[in-house]
Amino acid sequence: SKQSGRGQFSYFAAEMNDKIMLQRKMTEDMRHSLTAGHFFLEYQPRFDTRARQMRSVEALVRWAHPERGRIPPCDFIPLAEQNGLIVPLGDWILDTACEAAANWSGIGVSVNVSPVQFRDTKFVDKVRDCLRRSGLKGELLELEITEGVLLEDAERAIEVLNELKAMGVKLAMDDFGTGYSSLSYLRNFPFDVIKIDRSFISDLGTRESARPIVQAILGLGRALGLSVTAEGVETNEQLALLTADHCSEIQGFLMSRPLSQAKISELIEKVPE
Ligand code: C2E
Ligand code: CA
Ligand code: CA
Ligand code: CA
């Protein structure tokens, strides 16, 4: 009836309103947390497969929300991209990661770059300033980029990527294999590293088709002269298969969870160069 129809409408309207209110509050909280220092970074080691040595770390952002506790990035990065706060947050992440890595004599750092940051016309200048300020060599910074970055304006994307490469910065194609155009991106954009998406690695040892797919990606990397990183390595069986198939780099909970900056510094001091 008309009656119940209206009731339903206002129910949805109320629910939608709640959602908008919550997003507004989270946006306010995010803005506050940015200045109050509630965001922090963890660093997950990436290992050379053959030498079993840590070569670099991936910076991963965390939010210690004052009321809600720790919020995982998948629950706030999309909102930050929507409300634009990913730009100041991303600036802070880049700065913090470069400053940390500048003290790690030789261990590189990779930083995830959101498509929204990439669209920022000042992005290249920010990276340059960041390297200058921290004193980190460009070669020790890697930017992890997903297909989304390259979707919009391919010509501009190539220009930006080449400017970054001119500073020595390395470029990694993140979540490789999950998008629609991974192969054409490899052809058209100057990547140094392919990161095989975790979904392919978690299928290794359980799904018949997983290994030939991983092997094909490794072959592609070899043929194109790119380094290949397997992310999300959780079992010894996965590690054994990746080692047998000559995957250059491995990352995952089996070797190490993401760690604090202090813990990484400790690890580095323990290992002789
Ligand atoms: P990602 O870039 O693919 O990052 C890898 C994610 O996989 C991290 O989750 C990491 O903790 C997790 N991981 C690593 N090894 C394993 C494993 O062996 N098993 C399992 N199950 N997971 C593993 P996290 O930190 O929750 O980050 C999730 C996503 O949030 C990232 O995916 C990335 O897309 C985004 N993100 C995280 N930090 C940043 C950042 O600083 N900036 C931007 N723009 N995005 C970020
Ligand atoms: Ca990543
Ligand atoms: Ca990834
Ligand atoms: Ca991912």
request  = Treating cross-link reach as a plain straight distance, find the lysines whose alpha-carbon is under 30 Å from the alpha-carbon of LYS126, omitting any fewer than eight places away in the same chain.
outcome  = LYS25, LYS137, LYS165, LYS170, LYS195, LYS263
Cβ charges +1 (Lys, Arg) and -1 (Asp, Glu), total dipole of the chain, debye = 300
remark   = For region 90-169 (alpha-carbon point model, no solvent) the Debye-based log₁₀ I(q)/I(0) at q = 0.13, 0.25, 0.26 Å⁻¹ works out to -0.36, -1.26, -1.35
task = Go through region 179-273 and name the trypsin sites (Lys or Arg not before Pro) that are in a DSSP coil and have 12 or fewer other Cβ atoms within 10 Å of their Cβ.
result = ARG207
message = Just to confirm the filter: which trypsin sites (Lys or Arg not before Pro) across region 87-164 are DSSP coil and have at most 14 other Cβ within 10 angstrom of their Cβ?
response = LYS122
remark   = Taking only the alpha-carbon positions of the chain as identical scatterers, the Debye log10 I(q)/I(0) at q = 0.10, 0.12, 0.16 Å⁻¹ comes out as -0.57, -0.80, -1.30
key: Accessible surface, the chain, averaged per residue in Å² (probe 1.4 Å)   = 53
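Rounded, prolate or oblate: which fits region 54-128, taking a ≥ b ≥ c as square roots of the Cα gyration tensor eigenvalues, rounded meaning a/c under 1.5, else prolate when a/b beats b/c?
The shape class here is oblate.
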query = How long, wide and thick is region 214-265, going by the Cα atoms along their three principal axes, in whole angstroms, largest first?
reply = 38, 24, 12
key: Listed residues ALA240, ALA97, ALA223, most fluctuating in the chain (Gaussian network, C-alpha, under 10 Å)   = ALA223
remark   = Result row for the chain, helices from DSSP H with C-alpha axial extent 15 Å or more and mean Kyte hydropathy at least 0.5, is 86-102, 210-224
request  = Would you look at the GNM of the chain, springs on alpha carbons closer than 10 Å, and say which of PRO190, PRO72, PRO115 moves the most?
outcome  = PRO72
note = With +1 on the Cβ of every Lys and Arg and -1 on the Cβ of every Asp and Glu, the dipole magnitude of region 31-141 about its Cα centre, in debye rounded to the nearest 20, is 240
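How large is Rg over Rh for region 1-146, taking Rg from the Cα atoms and Rh as the Kirkwood inverse mean of 1/r across Cα pairs? Don't skip to the answer; put the middle values down first.
Numbers: Rg = 19.8 Å, Rh = 17.4 Å.
Rounded to two decimals, Rg/Rh equals 1.14.
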ask   = Of all GluC sites (Glu not before Pro) in region 1-100, which ones are in loop regions per DSSP and have a Cβ with at most 11 other Cβ atoms within 10 Å?
value = GLU67
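Could you check how much of the accessible area of the chain is carbon and sulfur, as a whole percent, using a 1.4 Å probe?
On the way: 7700 of 14550 Å².
C and S fraction of accessible area: 53 percent.
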task = Bin width 5 Å, alpha-carbon pairs only: give the P(r) of region 125-227 as whole percents, running from 0 to the bin holding the largest distance.
result = 2, 12, 21, 21, 17, 12, 8, 4, 2, 0
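The values are calculated or read from the model by the stated rules, or taken from the named source; none is laboratory data. What you see is a predicted model; the values in this text were computed from it and never measured. In this analysis, Cβ positions are derived from the backbone assuming ideal geometry, glycine residues included, and neighbour counts consider all displayed protein chains. Ligands, DNA and RNA are excluded from the accessible area calculation, which covers all protein heavy atoms including side chains. Shrake-Rupley method; radii C 1.70, N 1.55, O 1.52, S 1.80 Å.
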